[in-house]
1. When region 36-94 is examined, which residues are found to be among the acidic types (Asp, Glu), at pLDDT 95 or above and surrounded by 15 or more Cβ atoms within 10 Å (Cβ to Cβ)?
2. How about region 141-175: which of its residues are outside any helix (DSSP H, G or I) and buried (at least 17 other Cβ atoms within 10 Å of the Cβ)?
3. Which residue is surrounded by the fewest Cβ atoms within 10 Å (Cβ to Cβ), if the candidates are limited to region 1-13 and must be more than 24 Å from the chain's Cα centre (by Cα) and at pLDDT 90 or above?
4. Just the residues that are hydrophobic (A, V, I, L, M, F, W, C) and not in a loop (DSSP other than H, G, I, E, B), please, taken from region 23-43.
5. Residues to consider are Asp50, Asp6, Asp44; find the one that is out of contact with any helix residue (DSSP H, G or I) (no Cβ under 8 Å at 6 or more places or on another chain) and among the acidic types (Asp, Glu).
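The values are calculated or read from the model by the stated rules, or taken from the named source; none is laboratory data. Because the structure is predicted, anything quoted here is derived from the model rather than measured. Note that each Cβ is placed from the backbone with ideal geometry, even for glycine, and that neighbours are counted across all protein chains shown.
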Amino acid sequence: MRSLSDIALVAQVVAFGNTRAFDQLVRKYQSPVRRFFLHQTCGDEALSDDLAQETFIKAYTGLKGFGQLSSFSTWLYRIAYNVFYDHLRSQHEVSRLETAQVDALYHTEQQDLGQHNDLYLALGTLKEMERTCITLFYMDDLSIEKIAGITGCPTGTVKSHLKRGKEKLSTYLRNNGYER
């Protein structure tokens with residue numbers, strides 16, 4: 001069977017209600033979206049799975065609004081980005097914690113997990129936007145322009161977040177026994 005483009009699959013879902021076409025999109029993007037959330041939540045697998053599921057539900061229900069102004073993947077990552085920040089806002093409202101305190105919680109919860117999770121600990125020291133830009137650029141291999149489209153920030157701002165985030169990660173890892 002020939003593989004269809006993302007746009008063709010979206011068209012089949014919108015025009016004909018073909019849920020199998022959407023299943024193909026989910027299979028294609030579920031790992032990258034889950035990985036995005038794993039990095040954002042500093043390794044919380046259960047939360048990452050929940051947020052990824054919510055992202056695909058929102059994508060499915062909002063598919064008719066996909067205007068093809070960007071690629072499907074950029075549109076989907078934008079939904080994921082919004083889902084994550086909605087989650088942070090809801091956590092803030094429920095617990096009255098500042099976002100920095102939420103980051104600190106992720107940091108302290110994972111201190112004993114060993115070397116494998118050191119990167120998550122380092123990511124936990126970053127501000128949310130720095131972490132988002134770092135993970136999308138270095139871990140998901142997206143261009144600065146795509147990241148700008150996902151976050152709604154100008155490309156210069158994305159570059160600044162990348163620079164500051166990279167410096168903070170480097171300092172954190174150097175201070176915790178990692179050498180260049």
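1. Within region 36-94, Asp50, Glu54 meet the criteria.
2. Correct list: Leu142, Cys153.
3. Looking at the filtered set, the residue picked out is Ala8.
4. Leu25, Val26, Val33, Phe36, Phe37, Leu38
5. Answer to the check: Asp50.
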